[in-house]
Amino acid sequence: MEMWIKESQINDAAMTYMVKETLVRRKTEYQDLAIVDTYALGRMLLLDGIVQTTEKDEYVYHEMITHIALNTHPNPKKVLVVGGGDGGAIREILKHPSVEKAVLCEIDGAVIEECKKFLPQISCALEDPRCEIFIGDGIKYVHEHKNEFDIIIVDSTDPFGAAEGLFGGSFYKEISECLTEDGIFVAQTETPFYLPEVVKKVFDDANAVFPVTKLFMAAIPTYPSGYWSFTIGSKKHDPENANLENSLELNTKYYTKKLHKASFVLPKFVEDLLK
Ligand code: SAM
């Protein structure tokens, strides 16, 4: 018998994937968690029925949410990830030898627990001694830490439920205070095809707080529309004009120094959206 899962990507459009096996399904304190093995994309993490990451395309998202900011900052030593319980962002951050400490602040300990069990390719760096795991709300954590991190990465679920407060002006002000004087913030900020109003609002909110605010894009097959935005806010360094000559040749599959610059070149409809 064929088994399929359907992910509603917007109200009236959905993606379906043929499932080989369900590895875990449980209600956590915060969400409905499932990890399934699919024929097309390998193992897949779903939270409340929404695809978070898959073995086949996770590298695009995790490389792009980390290396643009880390290669822009001249000497990133302390990095905070808010959300990101699958560990993919931490794996990429720890490829940078300047990083002394990477804190993962994830609200749902069950995500970390199950990803360690079933997604080792993604979660493999969570045991690294430079990684510190804190189970709790990122909003509270950021509020309680001032002037501490060189980079803050908001690797969150979509802007509903526990993640709602991770999008918006008051949180970006707190992020700015949690960053050091030349700190950089980056967040996943949805798709301009289906959610232009979210992309625009987040960009404007970040722009009101950070002297340099830019949007960059990546092609991520499993996210709605396949075309995903990230917003980066920086106190000093401009990510689009970063000097990458001496930056490391990283072991990556999507990110390159050329792509770093190119990802800031936006199609006209996105440029117009941000005006
Ligand atoms: N790459 C993913 C995506 O865009 O679909 C995000 C993956 S990661 C698994 C998202 C994590 O954010 C979830 O594990 C969720 O529990 C966590 N999260 C949501 N709200 C949070 C909050 N307020 N503080 C910390 N973590 C939060």
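Worth pointing out:
- Considering Gly88, Gly109, the condition of being crowded, with 20+ Cβ neighbours inside 10 Å and either among the polar types (S, T, N, Q) or more than 21 Å from Ser176 (Cβ to Cβ) (or both) is satisfied by Gly88 alone.
- Looking across the range 162-186, the residues that are surrounded by 21 or more Cβ atoms within 10 Å (Cβ to Cβ) and farther than 15 Å from Lys235 by Cα come down to Leu166, Phe167, Phe171.
- Options Lys275, Lys253: the member that is at pLDDT 95 or above and not aliphatic (A, V, I, L, M): Lys253
- Here Thr53 fulfils each of the conditions (1) surrounded by fewer than 18 Cβ atoms within 10 Å (Cβ to Cβ); (2) at pLDDT 95 or above; (3) part of a strand (DSSP E or B) apart from (1).
- Among the candidates Ala69, Ala89, residue that is within 25 Å of Phe160 (Cα to Cα), assigned by TED's automatic domain parsing to the domain that holds Ile175 and in contact (Cβ under 8 Å) with a residue 40 or more places away in the chain: Ala89
- Selection within the range 98-114 - more than 10 Å from the ligand (Cβ to nearest atom) and within 17 Å of the chain's Cα centre (by Cα): Ala102, Val103
- Condition check for Glu164: within 26 Å of Glu58 (Cα to Cα) and either in contact with an Asp or Glu (Cβ under 9 Å, 6 or more places away or on another chain) or within 13 Å of the ligand (Cβ to nearest atom) (or both): yes
- Comparison of Lys95, Lys117 shows that the only residue that is outside any helix (DSSP H, G or I) and either away from the ligand (no atom under 14 Å from the Cβ) or under 20 Å from Ile152 (Cβ atoms) (or both) is Lys95.
The values are calculated or read from the model by the stated rules, or taken from the named source; none is laboratory data. It should be emphasised that the depicted structure is a prediction, and the values quoted were computed from it without experimental measurement. Methodologically, a virtual Cβ is constructed for each residue, glycine included, from the backbone with ideal geometry; neighbour enumeration extends over all protein chains shown.
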